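First comes the structure, then the notes that go with it.
The values are calculated or read from the model by the stated rules, or taken from the named source; none is laboratory data. Owing to the predicted nature of the structure, the values given are computational and were not obtained by experimental measurement. Cβ sites come from the backbone with ideal geometry, for glycine too, and all protein chains shown count toward neighbours. Accessible surface is based on the protein model in full, side chains and every heavy atom, while ligands, DNA and RNA are left aside. Shrake-Rupley method; radii C 1.70, N 1.55, O 1.52, S 1.80 Å.
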Amino acid sequence: MKKYVCTACGYIYDPAAGDPDSGIAPGTPFESLPDDWVCPACGAAKSMFVEEGSAYKEHGVR
């Protein structure tokens, strides 16, 4: 499964781990996260995430 990076803080959402603190079970793909899910590190909206890889570097995230 693809990982996604928060362009605001660099947090990486890993579907294998999920986000248990927010009630997101391991194995949940990013696309299946609720629209109101936010970055657990900084509170940025789901729309602020981009797929990990070369594209996210365009947003200044390393």
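Calculated mean residue ellipticity at 222 nm for the chain: -1000 deg cm²/dmol, from DSSP H runs with n ≥ 4 weighted as -39500 (n - 2.57), summed, divided by the residue count and rounded to 500.
The label-point distance for ALA45 and LYS3, in a model that sets each label 7 Å from Cα toward Cβ, rounds to 2.6 nm. Relative contact order for the chain using alpha-carbon pairs under 8 Å, separation at least 6, rounded to a whole percent? Relative contact order, the chain: 40 percent. Using equal-weight Cα scatterers in the Debye expression, the normalised intensity of the chain in log10 at q = 0.14, 0.23, 0.27 Å⁻¹ is -0.33, -0.90, -1.21. Remark: the chain carries 61 Å² of accessible area per residue (probe radius 1.4 Å; ligands, DNA and RNA excluded). Charges were assigned to the Cβ only: +1 to each Lys and Arg, -1 to each Asp and Glu. The resulting dipole of the chain about its Cα centre is roughly 220 debye.
So, with a 1.4 angstrom probe, what is the percent of accessible area on the chain that is carbon and sulfur? Solvent-exposed carbon and sulfur of the chain make up 49 percent of the total.
Remark on ASP19: its backbone amide H falls under 5 Å from those of ILE24, ALA25, a criterion applied only to residues 5 or more positions apart or on other chains, H modelled at 1.01 Å from N.
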